[in-house]
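The values are calculated or read from the model by the stated rules, or taken from the named source; none is laboratory data. Because the structure is predicted, anything quoted here is derived from the model rather than measured. When we count neighbours, we look across all protein chains shown, and the Cβ atoms used for this are built from the backbone with ideal geometry, even at glycine. Accessible surface is based on the protein model in full, side chains and every heavy atom, while ligands, DNA and RNA are left aside. Shrake-Rupley method; radii C 1.70, N 1.55, O 1.52, S 1.80 Å.
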Amino acid sequence: MPRKSVRTRVPPPASSSASDASRFQLLVQGVTDYALYMLSAEGVVTSWNAGAERMKGYTPDEIIGRHFSQFFTGEDRDAGLPQKALAEARQVGRFESEGWRVRKDGTRFWVSAVLDAIHDEAGAFVGFAKITRDLTERHAAQRALADSERHFRMLVQGVTDYAIYLLDPSGIVTNWNAGAERIKGYAAEEIVGRHFSVFYPPEQRAAGAPAKALAIATREGRFEAEDWRIRKDGTRFFASVVIDAIRGDDGEIAGFAKITRDITARRKAEEALRDSERQFRLLVTGVTDYALYMLDPNGLVASWNAGARRIKGYSADEIIGQHFSKFYFDGDRVAGLPTRALAIAAQEGRYEAEGWRVRKDGSFFWASVVIDAIHDDQGVLAGFAKITRDITERREAQATLQQMQKQLAESQKMDALGQLTGGVAHDFNNLLMVVSGHIQTLKKRVADDPRATRAAEAIELAAQRGAALTRQLLTFSRRQHVNPSATDISEQLASFREILASGVGSDERLAIHVPAATWPVKVDVAEFEIALVNLVINARDAMPDGGAVTITAENIVLDPSGDEIATSREFVALTVADTGVGIPDDVLPRIFDPFFTTKPVGKGTGLGLSQVYGFAHQAGGRVKVESGLGKGTRITMYLPRAYEAPVAAEGHDRAIDHRGASTVLLVEDNPEVASASKGLLEQLGCNVQCVADAEAALLALERDPTIDLVFTDVVMPGRMDGLALARAIREKHPGLPVLVTTGYSDALRDVSGEFPVLRKPYQIGELSRAFSTLMATKTDRIGADRTQAGPVRATTSSSSRTNR
């Protein structure tokens, strides 16, 4: 709502009489072709004449007390033009401009406005005098001014920014104002009486331009032009020129009114603007890394630069007039993304996003998109400026970097876990070996005592669980020594089915589907069986209300260049699927982390799936998980194909049928472990000699030819560890079997099947099978030697040493 205020007037000077003030007031109020009014120092209207009311449509009561910025257009107000005008007028005493102004009814008109700073007799600044002229009716205003020569002369002589003077019918200058003197450099006495063609450059005079100007003014009543003129000192300036014909009462030409304004600065600004626009057009059309183009308010393409053609593939003729949604793929168009983008840009002024876009050839690229709303001088939406950049390579580089960072973090986690686990595994497994070895000896002695037997079995089970924990950590961190061999999955599952079925709960809940054509895989059989048991038990626990577990296998060929599995091309995908509750999305990324479990305390260690992860990766494969709440879970191990013939699956019967009455050299530096291992060997019927280091072992072999097998720990004090000892024995006694055992050792990474390895803590059945295999190999070798050398007299088992 407009504000009302008391109308104020600037008081006349003290020396003026009341009648002078009255006449001054009558003069101001009587002017109707100019808006003459006063402003306070802040720009508030304090007086209002009739010309202002006629020109702008406001009565004094409506406008006095309101800020004069009311007359400016919205864009000029946003640009701060009213404040700039006040500041410049106050600083230099005057501000003059031409531009659009707004009447009360909202219509616009072009004005010439002058703002003068007003000071009192003491020189103090008191406000501004504002003169506004409606140039849309300038011709009528000039005729009105011509009716009163006195007022014209007063006005003309006071104006310094315009050259205003009269010409006689032939073009001779008859009078001269101060503005003409300032602009053109001539004093009145120097120019009055001379022809006005003196202001024209020679080339224009030669072309008859002065005479043509007067002829047009005579014929049409007015001549208006912008062109170069010459000052007294010979310099040129660009002028806005108006020549009005003046006729007497008889209609005859009495002369011409000439108004000239120096617009050199404006012309330079316009030329600079044109140059800027030209350079901008060259810039836009020349840019090839960005698609820069315009859309009309409906989203139709209105312009097209070289960058747009390069990125999107369309020429200007092909795309101008088409809707920009053509660049979106079908899913985004159906979802209304193009329309939503324009709506956001229109409402907020800008829309910015990244997403897939489509080229002319149908290929996709990842784009960075900015849409800016463009408005005209009236504030009406004229269209949109669209900038698109192809950042596909940057996105791919970022994805690659993120993948590398993820792999680095995974590698660092594996390394840290491996160092931690490896640091304690050897000593911990030695402790478990002492417990496990002695408890297996005690079980035989207390077989007739049920309570003692249950206690011994409980201790044995605890030792086995401790060993399993250590093994699972080592497997996850890929520090576990493995003995990979070609394995037939179908045969292995058949021999292992009973154990898997017991893990599920019953054979009816377990289904195994392995096609006959399934390739053999290269895995460590023991670790493979542990991984399967872990997967089956996890599947069972995910089905508290019952369900089925299905194990399937299929041959898979992967492209190493397009998959993270780069060690092979051919794999067997072994999948364990359940019908259980599924895994929540927030839990899924953590299921392979060691010690992470969602089971209650005491119901799980959190290492089962960690072992699966470590086993698959150490075998040269990967693990993939598919799950959802209420949809069950599918865990697939990708295991590398084996190209050699598979080894027959071993049974899982605990019964040990074979015992060799042999002499064994036990090499173990830990007395407690040596005692436990010796007890197990003696249960197998072996004669046992114990030594504490490699040097003592080599001496014992030289002294005693009856030793049939060496059983050595890997980690030992001295210059030679167990692996070096085994290699020395192979060199000096090539026919003597060596069995290596360890809780954990980095040295075994380079064994690669060179020697059989028995992991601590081991059971008597594992020890017996390992000895049986070694002794059978030894017997086969002796038989082969006998066949080649002829009959050999049979002696004790030590006779084999004679062949060494």
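Computed values, structure above
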read-out	value
Criterion (part of a loop (DSSP other than H, G, I, E, B) and polar (S, T, N, Q)) met by exactly one of Thr136, Thr132, Thr32	Thr32
Residue that is more than 23 Å from Gly331 (Cα to Cα), of a type in the set (D, E, K, R) and touching a residue at least 12 places away in the same chain (Cβ under 8 Å), where the choices are Asp377, Asp390	Asp377
Residue pairs meeting the criteria (Cβ under 9 Å; at least 6 apart or on separate chains; first touching a residue at least 12 places away in the same chain (Cβ under 8 Å), in the stretch 73-85; second among the polar types (S, T, N, Q) and open to solvent by 100 Å² or more (accessible area, probe 1.4 Å))	Thr73/Gln378; Gly74/Gln378; Glu75/Gln378
Scan of the stretch 251-263 for residues that are surrounded by 15 or more Cβ atoms within 10 Å (Cβ to Cβ) and more than 18 Å from Ile172 (Cα to Cα), ordered by number	Arg261, Asp262, Ile263
Spans of helices (runs of 4 or more DSSP H) in the stretch 52-108 with at least 3 residues of a type outside the set (D, E, K, R)	81-92
Pair list, Cβ < 9 Å and 6+ apart or interchain, from the stretch 182-206 residues that are within 20 Å of Phe238 (Cα to Cα) to residues that are hydroxyl-bearing (Ser, Thr, Tyr) and surrounded by fewer than 14 Cβ atoms within 10 Å (Cβ to Cβ)	Gly185/Thr235; His195/Ser170
Any hit, the stretch 407-428, residues being at pLDDT below 70, in contact with a Leu (Cβ under 6 Å, 6 or more places away or on another chain) and either over 30 Å from Gln683 (Cα atoms) or open to solvent by 50 Å² or more (accessible area, probe 1.4 Å) (or both)	yes
Pair list, Cβ < 6 Å and 6+ apart or interchain, from the stretch 29-55 residues that are farther than 15 Å from Arg101 by Cβ to residues that are surrounded by fewer than 20 Cβ atoms within 10 Å (Cβ to Cβ) and basic (Lys, Arg)	Thr32/Arg54; Ser47/Arg9
Some residue of the stretch 196-205 being charged (D, E, K, R), within 18 Å of Ser170 (Cα to Cα) and either exposed (fewer than 15 other Cβ atoms within 10 Å of the Cβ) or touching a strand residue (DSSP E or B) at 6+ places or on another chain (Cβ under 7 Å) (or both)	no
Of all residues making up the stretch 387-396, the number that are open to solvent by less than 60 Å² (accessible area, probe 1.4 Å) and aliphatic (A, V, I, L, M)	1
Test: residue in the stretch 97-105 that is touching a helix residue (DSSP H, G or I) at 6+ places or on another chain (Cβ under 9 Å), surrounded by fewer than 20 Cβ atoms within 10 Å (Cβ to Cβ), over 21 Å from Ser240 (Cβ atoms) and acidic (Asp, Glu)	no
Conditions (1) at pLDDT 90 or above; (2) open to solvent by less than 30 Å² (accessible area, probe 1.4 Å); (3) more than 30 Å from Thr174 (Cα to Cα); (4) not acidic (Asp, Glu): number failed by Asn305	(1)
Residues satisfying the stated conditions in the stretch 63-87, i.e. touching a Lys or Arg at 6+ places or on another chain (Cβ under 6 Å) and among the aliphatic types (A, V, I, L, M)	Ile64
Output for the stretch 259-281, where each listed residue is at pLDDT 70 or above and of a type in the set (Lys, Arg)	Arg261, Arg266, Arg267, Lys268, Arg274
Residue within the stretch 237-250 that is open to solvent by 40 Å² or more (accessible area, probe 1.4 Å), in contact (Cβ under 8 Å) with a residue 12 or more places away in the chain and in contact with a His (Cβ under 9 Å, 6 or more places away or on another chain) present	no
Test for Phe384: is it open to solvent by less than 50 Å² (accessible area, probe 1.4 Å), under 17 Å from Leu337 (Cα atoms) and touching a Ser or Thr at 6+ places or on another chain (Cβ under 8 Å)	no
Search result, residues across the stretch 203-236 that are part of a helix (DSSP H, G or I) and either among the acidic types (Asp, Glu) or in contact with a Lys or Arg (Cβ under 6 Å, 6 or more places away or on another chain) (or both)	Glu203, Glu220
Test result for Ala302, touching a Leu at 6+ places or on another chain (Cβ under 7 Å), closer than 18 Å to His375 by Cβ and not basic (Lys, Arg)	yes
Complete set of residues in the stretch 238-252 that are part of a strand (DSSP E or B), farther than 12 Å from Glu224 by Cα and out of contact with any Lys or Arg (no Cβ under 6 Å at 6 or more places or on another chain)	Ile246, Arg247
Subset of the stretch 289-337 that is without any contact (Cβ under 8 Å) to a residue 60 or more places away in the chain and β-branched (Val, Ile, Thr) - its residue that is nearest to Ile387 (Cα to Cα)	Val301
Filtered residue count, the stretch 208-224, keeping only those that are open to solvent by 60 Å² or more (accessible area, probe 1.4 Å) and more than 11 Å from Lys258 (Cα to Cα)	4
Test: residue in the stretch 543-561 that is surrounded by fewer than 17 Cβ atoms within 10 Å (Cβ to Cβ), modelled with pLDDT under 85 and among the charged types (D, E, K, R)	yes
Subset of the stretch 527-560 [without any contact (Cβ under 8 Å) to a residue 12 or more places away in the chain and in a helix (DSSP H, G or I)]	Pro560
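Conditions tested, residue by residue: (1) among the hydroxyl-bearing types (Ser, Thr, Tyr); (2) more than 51 Å from the chain's Cα centre (by Cα); (3) at pLDDT 90 or above; (4) surrounded by fewer than 18 Cβ atoms within 10 Å (Cβ to Cβ).
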site	(1), (2), (3), (4)
Gln618	no, no, no, no
Arg622	no, no, no, no
Glu626	no, no, yes, yes
Tyr638	yes, no, yes, no
Glu644	no, no, no, yes
Leu666	no, yes, yes, no
Pro671	no, yes, no, yes
Cys686	no, yes, no, no
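For every residue, the table says whether it meets (1) touching a helix residue (DSSP H, G or I) at 6+ places or on another chain (Cβ under 7 Å); (2) open to solvent by 30 Å² or more (accessible area, probe 1.4 Å).
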site: Thr32; (1), (2): yes, yes
site: Ala35; (1), (2): yes, no
site: Ala50; (1), (2): yes, yes
site: Tyr58; (1), (2): no, no
site: Phe72; (1), (2): yes, no
site: Gly80; (1), (2): no, no
site: Ala117; (1), (2): yes, no
site: Phe128; (1), (2): yes, no
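A quick yes/no check of all residues on (1) at pLDDT below 90; (2) farther than 30 Å from Arg77 by Cβ; (3) more than 24 Å from the chain's Cα centre (by Cα); (4) open to solvent by 20 Å² or more (accessible area, probe 1.4 Å):
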residue: Pro297; (1), (2), (3), (4): no, no, yes, yes
residue: Leu300; (1), (2), (3), (4): no, yes, yes, yes
residue: Glu318; (1), (2), (3), (4): no, yes, yes, yes
residue: Leu337; (1), (2), (3), (4): no, yes, no, yes
residue: Arg340; (1), (2), (3), (4): no, yes, no, yes
residue: Trp366; (1), (2), (3), (4): no, yes, no, yes
residue: Met404; (1), (2), (3), (4): yes, yes, no, yes
